[in-house]
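J.: Input: one structure, supplied below.
The values are calculated or read from the model by the stated rules, or taken from the named source; none is laboratory data. This one's a predicted model, so the numbers in the text were calculated from it and none came from an experiment. Glycine gets a Cβ as well: all are built from the backbone with ideal geometry, and neighbour counts include every protein chain shown.
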Amino acid sequence: MAMHQENPTEVRELASQVVDRLPDWITHLIRINAMVAARMGVVTSDFHCLHALQQGGPTTSGVLAERVGITPGSATRMVDRLAAAGCVTRVPDPHDRRRVLIEPTTEGLERINAYYAGLTARTHADLADFDDDELRTLLRFIERSLHSAVAEVDRLRSS
């Protein structure tokens, strides 16, 4: 059985095509996020907060500020806007009565999920054309890209 040898020039060309296409994809995702945020009555950074809460669970406004990349004062105003929009609530920390946790409301998460239902369905349909190996490769790329993006945020923050 012959091993398939990749042509290094072709691999570099394909990698360049992927890198060249990413900004268009990211730009459209940013546009979608901005549109959803506007329809929910919040600003984009507020929307990032909801995502952080959905992924990481309830936390303090200070931790949210760090996750979203804003100041603690801005985080307080962000939480106020999200609470007014019915997207989050403030609850006592069950482990420390002095602390308050911010948690997403069921209504807020349902609204987000409803806005993304079309994109989620399209993405699942797009991925249906990929076999297991291709999906593993995509997942590996996304995980590496996420790690690289986090590292770049840290680098830019420290410089």
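J.: Report those helices (runs of 4 or more DSSP H) wholly inside the stretch 70-159 carrying at least 2 residues which are more than 18 Å from the chain's Cα centre (by Cα) and surrounded by 14 or more Cβ atoms within 10 Å (Cβ to Cβ).
T.: Working: elements: 72-84, 106-127, 132-158.
Ranges flagged: 72-84.
J.: Taking THR9, is it hydroxyl-bearing (Ser, Thr, Tyr) and farther than 20 Å from THR106 by Cβ?
T.: Details: hydroxyl-bearing (Ser, Thr, Tyr): yes; farther than 20 Å from THR106 by Cβ: yes.
In short, yes.
J.: Looking only at the stretch 117-159, how many residues end up being touching a residue at least 40 places away in the same chain (Cβ under 8 Å) and touching a helix residue (DSSP H, G or I) at 6+ places or on another chain (Cβ under 7 Å)?
T.: 1
J.: LEU14 versus (1) surrounded by 12 or more Cβ atoms within 10 Å (Cβ to Cβ); (2) under 30 Å from THR105 (Cα atoms): which is the lone unmet condition?
T.: (2)
J.: Let me ask something else. Could you tell me which numbered condition VAL36 fails, if it satisfies all but one of (1) touching a residue at least 60 places away in the same chain (Cβ under 8 Å); (2) closer than 21 Å to LEU146 by Cα?
T.: It is condition (2) that VAL36 fails.
J.: Would the stretch 4-15 turn up any residue that is of a type in the set (Asp, Glu), farther than 15 Å from ARG81 by Cα, assigned to a loop (DSSP other than H, G, I, E, B) and outside the structural domain of CYS87 (by TED's automatic domain parsing)? Break it down stepwise before answering.
T.: Initially, the stretch 4-15 is screened for residues of a type in the set (Asp, Glu), giving 6, 10, 13.
Now narrow it down to the ones that are farther than 15 Å from ARG81 by Cα: 6, 10, 13.
From what's left, assigned to a loop (DSSP other than H, G, I, E, B): 6.
So of that shortlist, the ones also outside the structural domain of CYS87 (by TED's automatic domain parsing) come out as 6.
Yes, some residue in the stretch 4-15 is of a type in the set (Asp, Glu), farther than 15 Å from ARG81 by Cα, assigned to a loop (DSSP other than H, G, I, E, B) and outside the structural domain of CYS87 (by TED's automatic domain parsing).
J.: Report yes if ARG21 is among the basic types (Lys, Arg) and over 29 Å from TYR116 (Cα atoms), otherwise no. Spell out how you get there, then give the answer.
T.: Details: among the basic types (Lys, Arg): yes; over 29 Å from TYR116 (Cα atoms): no.
Answer is no for this residue.
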